[in-house]
Amino acid sequence: MARQPTSGERPTVKDVAASSGVSATTVSRVLAGNYPVSAATRARVMKAVRELDYVINAQARALGGGGTKTVAFIVHDLVGPAFAYVGQGVEQQATAEGRLCLVCTSHGDPERELEIIELMREQQAEAVVLVGGGSDSRSYAERMTQAARALDKSGSRLVLCGRPPLGPDVPATVVEYDNEGGAYAVTSYLISLGHRDIAFLGAGEAGHSTVDGRLRGFERAHKAHQLTAPPQRTRAVTFDRESGYQATRELLAGDRTFTAIFAATDVVASGALVALREAGLRVPQDMSVVGYDDIPLARDLTPELTTVHVDYEELGRTAVRYALNRERHALSQHTMIGTHIVIRNSAGPPPGPRTRS
């Protein structure tokens, strides 16, 4: 009679072999599915697997060349809607490519990002997708370049999704969107409506690629129209509702000559709208508000938000597709996805002097 594992003891390949009356090598071949085995033998082995509740050792299987290949997805957090949509695109494409998607959070810590990348290299992830803005400091770029080369050497791939490239010779797939161009377009739209004093809620710690890109677009639009973006109208925010609310209250506590607000995300814009409503200001009659991202929230706000559309799901899908099929997409390892304005009801011409409070 075959030995039965004792309570608390995990069954092994040898236990399955003994129970099914075949060799351990045959069991391994059945479980790997990479060698011809008779139907009767396969049935006996799988019956023993079920009876013993045997769990395949995924690490050993990976070392043997089998198992499910993985794509790692590293993101700031799981709360931000834009991150969630990129993640959905990554997961959809990973599944379509027959890969398992692993989700890791960095909480905005560059050190943690690098630690996770190294861990994913050790785990033999086929691609490591790094999502969202990153630091542009020299030391960070140098260490990320080293990480990209280490992944490449091990047969993996670093994917920069929604952030600029590290350099021309760095082995990484880059799929970014026109961050600066979107900010330029929506600011130009406000200027075309007649606004000359526009507040910007989105500046933050210098060196963050997403923040810097949107601020550059805001300032470039002013320069293109021979205007000056007043620094006193710029407010540093974190990309959440409360930060948008508090920043708007601070602006309203000063002089109210500004006539429009460009919030760097739709979530920040939602907080700005609450602060304006509390102050008795109508949107867009008294104050225009625009956002960035075009997440579903933008259509649920009152009024519906004019914003910049970014196809975040396509960003995630493209990142995985290009990284896993590098030979087919050899010329597309640095791709820019376009953005465009979605005009709704939150922006209009500036109010006349008699209607301003």
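The values are calculated or read from the model by the stated rules, or taken from the named source; none is laboratory data. No experiment lies behind these values; they were computed from the predicted model shown. Glycine also receives a Cβ, built like all others from the backbone with ideal geometry; neighbour counts cover every protein chain displayed. In case anyone asks, the SASA skips ligands and DNA or RNA and just uses the protein heavy atoms, side chains included. Shrake-Rupley method; radii C 1.70, N 1.55, O 1.52, S 1.80 Å.
Filtering the range 149-173 to residues that are open to solvent by less than 20 Å² (accessible area, probe 1.4 Å) and either in contact with a Cys (Cβ under 9 Å, 6 or more places away or on another chain) or at positive phi (or both) leaves Gly162, Thr173. Annotation for the range 86-93: at least one member residue is of a type in the set (A, V, I, L, M, F, W, C) and not in a strand (DSSP E or B). Any residue that is closer than 26 Å to Glu313 by Cα, of a type in the set (Gly, Ala, Ser) and open to solvent by less than 20 Å² (accessible area, probe 1.4 Å) - is there at least one of those in the range 183-198? Yes, the range 183-198 has at least one match. When Glu97, Glu51, Glu9, Glu91 are checked against the criterion of being modelled with pLDDT of 75 or more, of a type in the set (Asp, Glu) and surrounded by fewer than 16 Cβ atoms within 10 Å (Cβ to Cβ), a single residue qualifies: Glu51.
Within the set Ala264, Ala221, Ala236, the sole residue that is at negative phi, open to solvent by 40 Å² or more (accessible area, probe 1.4 Å) and of a type outside the set (Asp, Glu) turns out to be Ala236. If the condition is being small (Gly, Ala, Ser) and farther than 14 Å from Thr306 by Cβ, then the range 265-287 contributes Gly271, Ala275, Ala279, Gly280.
Ser288 fulfils the conditions (1) modelled with pLDDT of 95 or more; (2) under 22 Å from the mean Cα position of the chain (by Cα); (3) open to solvent by less than 30 Å² (accessible area, probe 1.4 Å) except for a single criterion, (2). Looking only at the range 272-301, residues that are in a loop (DSSP other than H, G, I, E, B) and among the β-branched types (Val, Ile, Thr) come to 2 in all. Within the range 163-173, the only residue that satisfies the criterion of being small (Gly, Ala, Ser) and modelled with pLDDT of 90 or more is Ala172.
For the range 79-119, which residues satisfy the criterion of being among the polar types (S, T, N, Q), in contact (Cβ under 8 Å) with a residue 24 or more places away in the chain and farther than 23 Å from Ser137 by Cβ? Once the filter is applied, which keeps residues that are among the polar types (S, T, N, Q), in contact (Cβ under 8 Å) with a residue 24 or more places away in the chain and farther than 23 Å from Ser137 by Cβ, the range 79-119 yields Gln88, Gln92, Gln93.
In the range 13-27, of all residues being part of a loop (DSSP other than H, G, I, E, B) and in contact (Cβ under 8 Å) with a residue 12 or more places away in the chain, the one that is surrounded by the fewest Cβ atoms within 10 Å (Cβ to Cβ) corresponds to Gly21.
Candidates are the residues of the range 326-343 that are without any contact (Cβ under 8 Å) to a residue 40 or more places away in the chain and open to solvent by less than 60 Å² (accessible area, probe 1.4 Å); the one that is farthest from Leu160 (Cα to Cα) is His329. Could you list, in sequence order, the residues of the range 122-154 that are of a type in the set (D, E, K, R) and either in a loop (DSSP other than H, G, I, E, B) or modelled with pLDDT under 90 (or both)? Of everything in the range 122-154, those that are of a type in the set (D, E, K, R) and either in a loop (DSSP other than H, G, I, E, B) or modelled with pLDDT under 90 (or both) turn out to be Glu122, Glu126, Asp136, Arg138.
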